[in-house]
Amino acid sequence: MSDGQIPEGEQNPYAQPTTENIQPAPTNVDYSAPVYHQSQYIIRRKVLKIFGAAFHIYDMAGNLAFYSKQKAFKLKEDIRIYGDQAMTSELLCIKARGVIDLGMTYDVIDSTTQQVVGSLRRKGLKSILRDSWTIQDVNDQEIGTMTEESGALAILRRFIGGALVQLVAPQQFNGYIGDVPVFQFNQNRNPFVQKITLDYGPDVNGLLDRRLGIAAAALVCAIEGRQN
């Protein structure tokens with residue numbers, strides 16, 4: 001039996017159910033681990049030309065907090081986030097409800113409890129010119145938004161040249177719960193090495209489930225990486 005194989009007759013302990021079979025929990029899931037509750041993270045995206053991309057998410061002390069490996073050529077996005085690079089501890093699952101399109105909804109599932117945390121929906125037509133997302137609760141009710149900061153710069157990135165604009169004005173996303181700011185993504189100026197700073201500083205009242213913030217960061221890396 002090769003490494004990573006499940007013995008015959010045994011179930012995969014990390015196998016994830018489809019979102020159709022998951023019943024949203026009426027109460028909050030306890031995710032008190034300190035790894036979720038840092039004020040800032042640095043996300044680095046490493047491009048693997050054949051096999052997709054890998055995302056390393058570090059805390060501000062430089063310690064690896066989360067790791068995600070994205071497979072190439074998948075029509076239906078399924079991103080797993082782990083607590084280690086060996087991928088032995090799955091923490092979150094981000095699963096598209098259908099094949100990739102501009103208006104896709106992505107369910108965010110806590111893999112340790114198999115409970116839905118909420119979902120992230122990309123606003124289809126609006127995102128052609130300026131990336132816009134809706135943050136939703138477990139009942140698909142909108143509770144917040146995530147939007148690319150500058151519409152003018154977004155158009156320049158898409159139609160003139162993302163790398164050149166990135167050098168002058170790095171991409172930024174702002175997240176809100178209602179009208180209250182809760183996080184900010186800032187990309188670095190290097191167009192060839194994608195790095196994002198995720199800052200929860202605006203969320204002074206703890207309004208955002210941090211698992212949704214981590215999932216949003218992974219999706220921004222994955223989708224923006226395909227566009228640029």
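The values are calculated or read from the model by the stated rules, or taken from the named source; none is laboratory data. Keep in mind it's a predicted model, so treat the numbers as computed, not measured. Methodologically, a virtual Cβ is constructed for each residue, glycine included, from the backbone with ideal geometry; neighbour enumeration extends over all protein chains shown.
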If the Cβ limit is 8 Å and pairs must be 6+ apart or interchain, which residue in segment 79-101 that is loosely packed, with under 15 Cβ neighbours inside 10 Å pairs with which residue that is of a type in the set (Gly, Ala, Ser) and at pLDDT below 90? 101/124
Condition check for residue 190: part of a loop (DSSP other than H, G, I, E, B) and modelled with pLDDT of 65 or more: no
Being exposed (fewer than 12 other Cβ atoms within 10 Å of the Cβ) and either modelled with pLDDT of 85 or more or part of a loop (DSSP other than H, G, I, E, B) (or both) narrows it down to one of 50, 43, so name that one. 50
